[in-house]
Amino acid sequence: MNFLGRAKIILGFLLDCLFPRCCVLCNRKTDGDEYCNLCPSCVAKIPWIKTARCSLCSRPMGDEIESNSSDCALVCNECRDDPPCFSSGMSCWLYSGVGRDIVLTLKYRNADFLANDISKLIKNNCQEVCSFAANSVLIPVPLHYFRRVKRGYNQAELIAHAVAKVADGSRVVNALSGKRKTSQARLKRTERLVNVKNMFECSNATDAIAKDSKIIVVDDVATTGATVRECCRILRMAGFIDLHVLTLSYG
Ligand SMILES: [Zn+2]
Ligand SMILES: [Zn+2]
């Protein structure tokens, strides 16, 4: 290790002694080793999706499993009635409790520094996500320009980079841009489906992506799936065929 590397470690140690790191969710002291901004107690409460889930939208499935054939991939009733134009989807945890708190903190509390912990969380708990995203092009759901300027970052892009860090051979490309700024957050399902139409367009960055690449659209939360469905529709119109979806949370 060179002099600068050693100096960085010593400075980090001194800063940690002077200003102990606290959990961004509950303000307890973190152990600082594994996760810098989340305490072990909050990490233990993350509601990882470990049960059987819909292979398309990642919705955890209970009763519906009975009616599905064991030979084919599980598909929930909603996806069967209205099939999306992507081939598969994956979510890490449920959008509830600590799972919801992490997403909201990332989104509304200028917590872009959480990205590193999210990367480690996925690596330590979601190896299936690392394999799913390997050798893919990760395309974040875009924010409208003004919203991005106001927030300073796009949380979907942070998540995409956090995944790229632990998924071999993957890269992040901002291939979509937002056309309108209407937020989906306060809308009902039917309103969301209408609102999201023509909300996005392909950016010049799509030209550099091979059309047969494995494309994964990345977002923070899948609620109705309207946003990721629309992103995939635009990408399909641009000629991409191998489309998938990854969201940090589902709910
Ligand atoms: Zn905590
Ligand atoms: Zn589904």
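The values are calculated or read from the model by the stated rules, or taken from the named source; none is laboratory data. These numbers come from a predicted model, not from an experiment. No Cβ is skipped: glycine too gets one built from the backbone with ideal geometry, and neighbour counts run over all protein chains shown.
Condition check ((1) of a type in the set (D, E, K, R); (2) modelled with pLDDT of 95 or more) across all residues:
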{"site": "123", "(1), (2)": "yes, yes"}
{"site": "132", "(1), (2)": "no, yes"}
{"site": "135", "(1), (2)": "no, yes"}
{"site": "141", "(1), (2)": "no, yes"}
{"site": "148", "(1), (2)": "yes, no"}
{"site": "153", "(1), (2)": "no, no"}
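Just for the range 210-240: of the residues that are assigned to a loop (DSSP other than H, G, I, E, B) and more than 15 Å from ligand 2 (Cβ to nearest atom), which one is surrounded by the most Cβ atoms within 10 Å (Cβ to Cβ)? Looking at residues that are assigned to a loop (DSSP other than H, G, I, E, B) and more than 15 Å from ligand 2 (Cβ to nearest atom), I get 240.
Residue by residue, here is whether (1) within 16 Å of ligand 1 (Cβ to nearest atom); (2) not in a loop (DSSP other than H, G, I, E, B) holds:
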| residue | (1), (2) |
| --- | --- |
| 73 | no, no |
| 89 | no, yes |
| 100 | yes, yes |
| 110 | no, no |
| 114 | yes, yes |
| 119 | no, yes |
| 122 | no, yes |
| 139 | no, yes |
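For the range 162-177, a residue qualifies if it is within 14 Å of residue 129 (Cβ to Cβ) and not in a loop (DSSP other than H, G, I, E, B), and the qualifying residues are 162, 163, 164, 165, 166. Residues that are exposed (fewer than 12 other Cβ atoms within 10 Å of the Cβ), within 16 Å of ligand 1 (Cβ to nearest atom) and assigned to a loop (DSSP other than H, G, I, E, B) were ranked within the range 18-71; the one that is modelled with the highest pLDDT is 27.
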